[in-house]
1. Answer yes or no: is there a residue in the range 160-180 that is exposed (fewer than 13 other Cβ atoms within 10 Å of the Cβ), outside any helix (DSSP H, G or I) and without any contact (Cβ under 8 Å) to a residue 12 or more places away in the chain.
2. Any residue in the range 139-148 that is among the polar types (S, T, N, Q), under 25 Å from Arg23 (Cα atoms) and in contact (Cβ under 8 Å) with a residue 40 or more places away in the chain?
3. Residues being open to solvent by 10 Å² or more (accessible area, probe 1.4 Å) and touching a Phe, Trp or Tyr at 6+ places or on another chain (Cβ under 6 Å): count how many of those fall in the range 89-111.
4. Please go through the range 35-76 and pick out each residue that is surrounded by 15 or more Cβ atoms within 10 Å (Cβ to Cβ) and charged (D, E, K, R).
5. Determine, yes or no, whether Ala105 is without any contact (Cβ under 8 Å) to a residue 24 or more places away in the chain and closer than 25 Å to Lys27 by Cβ.
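The values are calculated or read from the model by the stated rules, or taken from the named source; none is laboratory data. These numbers were taken from a predicted model, which means no experiment stands behind them. Cβ placement follows ideal geometry from the backbone for every residue including glycine, while neighbour counts extend to all protein chains displayed. Each accessible area value is taken on the protein alone, full model and side chains, heavy atoms only, with ligands, DNA and RNA left out. Shrake-Rupley method; radii C 1.70, N 1.55, O 1.52, S 1.80 Å.
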Amino acid sequence: MASDKKAKRNGDKPDISEIYEYRKKLKKLLKPDRYEHSLSVSFTCVCLAMRYGVDLYKAEVAGLVHDCAKQFSDEELIKLCKKEKVELTDDMLKAPQVIHSVFGAVYARKEFGIEDGDVLSAIYYHTLGKPDMSLLEAIVFTADYIEARRYKASRLTEIRRLAFEDLDRAVYEINHDTITYLEESGGFICKDSYDTYRYYKELIETR
């Protein structure tokens, strides 16, 4: 991926030709609703990046490409991870819906030519999160939950507001609500999700 030299600042016009190419490729790969979600996440990432002083280009790319591996079935993703020697935990195999993010980081590099480690890491962690996420990782994680096409979560209005006031608190609330939903619905919860939740819960309680 083009790095900081592509993400010009100080009012210079950025070179977004690669963004257009990524969009064209994604539109062919993804179902229409998934493509629209990806666009919406990318725009939300840019807004949050403006708020928190994060590189706008990296935020847009990470948001745009975060679901690039969503066109594969769970079975295909497991096989692809094995082929590419991508390590999957037992928890991930029990909740294969999260694997698209893990393989997505590999797929973004191989198929989209994205080499920026910050962007690839944000793609990797956008589903499960991790303790002490970088600002870019937290932005993509949050944007995926609050983007304008989302409507099912019960506290979206509150969390959307929080995202622009207190990003750590927004990450905590997203984890809280996701884990609560999975516990109540009988869904499997990965240890990584609990680790993320506990870290941000302690952070919010002790600051």
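1. So far as the range 160-180 goes, no, none of its residues is exposed (fewer than 13 other Cβ atoms within 10 Å of the Cβ), outside any helix (DSSP H, G or I) and without any contact (Cβ under 8 Å) to a residue 12 or more places away in the chain.
2. First pass over the range 139-148, keeping only residues among the polar types (S, T, N, Q): 142.
Filter once more, keeping what is under 25 Å from Arg23 (Cα atoms): 142.
Keeping just the survivors that are in contact (Cβ under 8 Å) with a residue 40 or more places away in the chain gives 142.
Yes, that holds for at least one residue.
3. 2
4. The answer is Glu36, Asp55, Lys58, Glu60, Asp67, Lys70.
5. Working: without any contact (Cβ under 8 Å) to a residue 24 or more places away in the chain: yes; closer than 25 Å to Lys27 by Cβ: yes.
Yes: the conditions hold for Ala105.
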